[in-house]
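A quick write-up on the structure given underneath.
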Amino acid sequence: SAFGSKQPTISSGPPSFGSGSKFGGGGGGSKFGGGGDRGGMFGGGGGGGKFGGGGKFGAANSKFNTGTGFGAAFLSNMDNGNTRLSYSQNRFTAAMLEDGKRDNTSSSSSLHSVPQKVQSSRFASLDVRSDDKFPDLNADKAAKTTTTATATKKVSQGRKDKTVEELKREIDAMNKERIQKQEAAAAAQNGGSSKDHDREKKTSKLGKKASKKTFGKQESPIDAEEVARKRAEEARNARELEQQQRLKEQEKADKKLVKKFNKDHLKGGRPLDVNGETLKFIKIGLAQQNLLSRDEEIYERLAVLFCGVITDKKNLKHLLNHDGGSGGGNAIGLAQIYKLVFDDSLTLQSNKKLFTSLVLETMSQIETKQSCLLLVAMLDSGNVLSRFLAQMPDVGKKNVQKEFDEYRLNYAYPIAAEQCAAYQSCVESAPSLAQLVEFVQLQKKTSKSLVYTNFQTSRVVLQFALPEFYFKQCVAEPTQNTSEKEQDADADAEEEEEEEQKIDVNESVAKTLLVAPSKSKQRRTLFSTLLQLLLCKNDEEEEEEDEEDVDSHCVLLLSEILSVSNAMQNSNLGLVALLKILEHQNVLPFKVIKKFWLDESDVRTTDRLNVISKLSDWYSELDERQSRIAMERDEDADSDFDENEYAGNLMEKPKHKTAADYQSITLYE
């Protein structure tokens, strides 16, 4: 039959699928089992089926039933982990066969069962069962784990048996024993006797007893001072190492800055950037060895750089708003620059002559590019004269004083304190004009230096002489009444003519003070002589002044006159009259007045804007007159050019004979 049967076949000949049925049964063997002579294809008995029994894949005669070896181990890792000698649990036969119940003697009824769901996976127990098949792989690891756990348990049990105090006692005993051994060794080296050794033993025993009583109170035997010393030494070494590393990094950075300072600024002429690092940059650049001796013009380049920093637009704004130019905060003034030159760059003073030139050239650059008023403000507010200029090498010698005089920086020379005190005491004695002039002349003659006055002493003299000998002599101009203003136009015209004929009283006072009489043998009055002394002008040598050159001493004189007039608080009475006479006498030329008028960095003149507004009409008249003089001068120059006979028509035949008019005779002719 299709599913096998034990009934014999009718014919004695073999069927198409063997003697047995297709899926088992008796006979010669069906396809899937059976007990025939051949066996079924998958079945059991007989000759053997293809997959079962004694068949092709059967137990006894199957080619996969090799016992142990690689094939058996491989099959054991398939399906559910058992050695796969049959397909009793195969997914194809699980619905037809029961697990582990099939054998050759089973009946046909036992082969037919209800299909059941297979719950196990082929790889579910692969890792677990591999340990059973290969037990020697992890045997050593398991033994080590067990030994470690046992030892840990014993140690933990041993520690649980002792308290903290007991452990401390053990440590203390160990320390005592170590000390005893060290002392014994030291005694043996020093040749100590046995009695001393016995005494040390007794002492150690007593020490042990005492330690039991005083446990927890005595200090550790380790020397705490030695440990602290070592730690401090290590920390100090670490700090020194870190400091050395920082110094190396700083040296590298300084070398880069020095290279930039020399290449971009000294040689390239690029102005210095004004910021918070400007002074540090200048200090690094000036610290170079023999900087001034490298080139004869190096001090001029440095002076130009210093002046550019001070007169920078932003820096100058901060400078003028901070204590009148003293410098401070974010502003850089002359005091800050000279501190770098004098104090922080001592190598510059090795060449005294070039160092003096650097100091004077810096002031000269500020005076030329900005104003002498700004320079004096920085000298006065920053106390530069006594702090720096008085400390110049050989400042009292004639060669240095001559340098000041050639630069026309007499007003910036640091006069000795005794000489300044002499000026002050003379003024306090209220001398006459003749006595005052005599005193200044005496200072010029008896002074050991070529420079006998500066801006400080000039201020002391002018603050006394101007009010005493001029401003107190001026009178107020009469004011017109309202009734006079209401008069007829003819009467007003007559009054104007009369006023033009009148001589101004204040002008006459100023003229008397400054202009010498025509019949007098003396060229100047006493007051004019006093002004010439304060301006450091020499009567014997009348130097030809350059039209574009402005004497800074005259600018300072004008500033002092205006400041004294404002201090009088009398509406600047007599100021215009005095300035007219001074300008007429060429004591204050127009170029000096114009220089002062256009100076926006003047923080020295008190109430400058107020007094300038009162002098605006007078300055306008001077400006117009100067313009007319310049026009007339240009016209005269043009007329002189037209009078040149050769400057006319160049095509016109010349009046005189030239070389072309003469006949040339050669030797051949």
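The values are calculated or read from the model by the stated rules, or taken from the named source; none is laboratory data. All of these numbers come straight from a predicted model, not from anything done at the bench. For neighbour counting, all protein chains shown are included, and Cβ atoms are generated from backbone atoms with ideal geometry for every residue, glycine included. Heads up: the accessible areas ignore ligands, DNA and RNA and are worked out on the full protein's heavy atoms, side chains in. Shrake-Rupley method; radii C 1.70, N 1.55, O 1.52, S 1.80 Å.
Between residue 173 and residue 247, what is the FRET efficiency for a Förster distance of 45 Å, r being their Cβ-Cβ separation, to the nearest 0.05?
So, using R0 = 45 Å, E works out to roughly 0.30.
Based on Cβ point charges of +1 for Lys and Arg and -1 for Asp and Glu, what charge dipole magnitude is obtained for the range 268-410 about its Cα centre, in debye rounded to the nearest 20?
Computed charge dipole of the range 268-410: roughly 100 debye.
Give the separation of the Cα centroids, the range 253-307 to the range 462-476, in Å.
If we compute the Cα centre of each part, the gap is 50 Å.
Taking only the Cα atoms of the range 217-285, how large is their convex hull per residue, in Å³?
Looking at the range 217-285, the number lands at 99 Å³ per residue.
Ignoring ligands, DNA and RNA, what accessible area per residue does the range 315-446 give at 1.4 Å, in Å²?
Normalised by residue count, the accessible surface of the range 315-446 is 43 Å².
What list of ³J(HN,Hα) couplings, whole Hz, do you get for the range 173-181 from phi and the Karplus terms 6.51, -1.76, 1.60, once you set θ to phi - 60° and write x for glycine and proline?
After applying 6.51 cos²θ - 1.76 cosθ + 1.60, I find 5, 5, 5, 4, 5, 5, 5, 4, 5 Hz.
Taking the Cα centre as origin and putting +1 on Lys and Arg beta-carbons and -1 on Asp and Glu beta-carbons, what dipole magnitude results for the range 398-455, to the nearest 20 debye?
180 debye
FRET efficiency for residue 405 and residue 445, Cβ-Cβ distance as r, R0 = 25 Å, nearest 0.05?
After rounding, the FRET efficiency stands at 0.95.
Which pairs, out of 252/283; 255/339; 260/313; 444/521; 248/353, put more than 27 Å between their alpha-carbon atoms?
The answer is 248/353.
At 0.36 nm per residue, and after removing the present C-alpha to C-alpha distance, how many nm does the segment from residue 300 to residue 476 gain when stretched out fully?
58.1 nm
Going by average Cβ neighbours within 10 Å, how do the peptides 508-518, 585-595 rank, with the highest at the top?
Highest to lowest by the protection proxy: 585-595, 508-518.
For the range 523-539 and the range 555-618, write down the distance between their C-alpha centroids in whole Å.
The range 523-539 and the range 555-618 have Cα centres spaced 19 Å from each other.
Per 10 Å bin, what percent of the C-alpha pairs of the range 334-470 does each bin hold, from zero upward?
Using 10 Å bins, I get a P(r) of 11, 40, 32, 14, 3, 0 for the range 334-470.
I'd like to check one number: the per residue accessible area of the range 567-615, probe 1.4 Å, reported in Å² as a whole number.
49 Å²
Starting from 0.36 nm per residue, how many nanometres of slack lie between residue 600 and residue 254 once their C-alpha separation is accounted for?
Gain in length upon complete extension: 120.7 nm.
Looking only at Cα atoms, what is the convex hull volume of the range 221-366 per residue, in Å³?
Spelled out: Cα convex hull of the range 221-366, divided by residues, is 150 Å³.
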